[in-house]
1. Output the number of the condition that C:D45 fails; it satisfies all remaining conditions of (1) under 19 Å from the mean Cα position of the chain (by Cα); (2) facing another protein chain (nearest Cβ under 7 Å).
2. Picking from B:T44, B:T25, which residue would you name as being touching a strand residue (DSSP E or B) at 6+ places or on another chain (Cβ under 8 Å) and closer than 30 Å to A:R18 by Cα?
3. On the given criteria, is D:T44 within 30 Å of E:T13 (Cβ to Cβ) and either among the small types (G, A, S) or not in a strand (DSSP E or B) (or both)?
4. Could you go through segment B:54-63 and let me know if any residue there is within 12 Å of chain A (Cβ to nearest Cβ) and crowded, with 20+ Cβ neighbours inside 10 Å.
5. Go through the residues of segment B:25-39 one by one and say whether even a single one is under 28 Å from A:E26 (Cα atoms) and part of a loop (DSSP other than H, G, I, E, B).
6. If you take the residues of segment D:1-41 that are among the aliphatic types (A, V, I, L, M), more than 11 Å from chain A (Cβ to nearest Cβ) and under 23 Å from D:A58 (Cβ atoms), which of them is surrounded by the most Cβ atoms within 10 Å (Cβ to Cβ)?
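A short reminder: the numbers here are calculations on the coordinates, not readings from a lab. These numbers come from a predicted model, not from an experiment. Using ideal geometry, Cβ is built from the backbone for each residue, glycine included, and neighbour counts are taken over all protein chains shown.
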Number of protein chains: 6
Amino acid sequence: MPMIRVEMFAGRTVEQKRALVKALTEAFVATAGGTPASVQIILTDIEKSAWATAGVFAADKPPG
Amino acid sequence: MPMIRVEMFAGRTVEQKRALVKALTEAFVATAGGTPASVQIILTDIEKSAWATAGVFAADKPPG
Amino acid sequence: MPMIRVEMFAGRTVEQKRALVKALTEAFVATAGGTPASVQIILTDIEKSAWATAGVFAADKPPG
Amino acid sequence: MPMIRVEMFAGRTVEQKRALVKALTEAFVATAGGTPASVQIILTDIEKSAWATAGVFAADKPPG
Amino acid sequence: MPMIRVEMFAGRTVEQKRALVKALTEAFVATAGGTPASVQIILTDIEKSAWATAGVFAADKPPG
Amino acid sequence: MPMIRVEMFAGRTVEQKRALVKALTEAFVATAGGTPASVQIILTDIEKSAWATAGVFAADKPPG
């Protein structure tokens, strides 16, 4: 019944996302218990034009 | 002032969504009180490629 | 697999909350389909000292 | 480390959004302390067809 | 109808929180438009024992 | 900058939670990239009296 939500910048491949949800599920079960079937995960891609730190969108920051 | 959020798989029709928000609002008022006007609802469609259980996306599971 | 979240002012009784989750579940299934067992609901009580409109906490507003 | 999330109707311009995250960051630091660099903001546009009050989507309400 | 959520470390005074929601509401209206009455804010205090970066809770980090 | 949120039943020990955030952070970095320092996690304990499936709170279900 644990619900895990991940917000991250858009751009990961489907293969990365598949590996991510598998690894997060294993990490949860190994440390907090429960069964893999009980673990739900929702991934949300966030555009760099929607995520700001220090009052500036990531899309507007100089590279580096 | 209650805020209801619904995350569900994409695919419902507009008519289903209209019926859903009407029914949820009525269900809230009938049991928890308040006025319909105070009830806010946000619906979020989640793609099957973004919702995993048991470490596997719904989009990757065999049908059935 | 739908996930319903309800944020509301603290103060409902346990009986009201039981009726609420039952009614919301029925409302979802009747309009959007799926099975009752698939519907998850998390209720979150919000204190009036944590919910503001117009820049003022509900706890600080005059009654009425 | 504060995390601010804003859900609002779609339609603001990029310039408005840039001004918004700058102003929210300044508002936070001026009143609650911390540094601008610690303030994160995620903006989420919500379509009027996904946000309901009184059981009716904003998209379905008569203008005015 | 904008909904602003703020998650921050517990510890701010009531006075700071009152100033915070007032300032955030003004910041929203000044840059994104709308009326103060339409702006809702929910504040959530997060304990340092519940917020981790780099895999370590804030509560477990050395001061400084 | 990834933000991971975990909602789970209350009851894990501090040691389990420490192991959990460490393991989730490692799982993220190993599969999706980025640095451990960029990964933020917020854990939220949910009471069984606040989480329902099939219209019934976990607290009200018969054991087993």
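1. The single condition C:D45 does not satisfy is (2).
2. The unique qualifying residue is B:T44.
3. Values: within 30 Å of E:T13 (Cβ to Cβ): yes; either among the small types (G, A, S) or not in a strand (DSSP E or B) (or both): no.
So D:T44 fails the test.
4. Within segment B:54-63, the first condition is being within 12 Å of chain A (Cβ to nearest Cβ), and the residues that meet it are B:54-61.
Keeping just the survivors that are crowded, with 20+ Cβ neighbours inside 10 Å gives B:55, B:57.
Scanning segment B:54-63 turns up at least one residue that is within 12 Å of chain A (Cβ to nearest Cβ) and crowded, with 20+ Cβ neighbours inside 10 Å.
5. If we filter segment B:25-39 for residues that are under 28 Å from A:E26 (Cα atoms), which is where we start, we get none.
The answer is no, given that none of the residues of segment B:25-39 is under 28 Å from A:E26 (Cα atoms) and part of a loop (DSSP other than H, G, I, E, B).
6. D:M8
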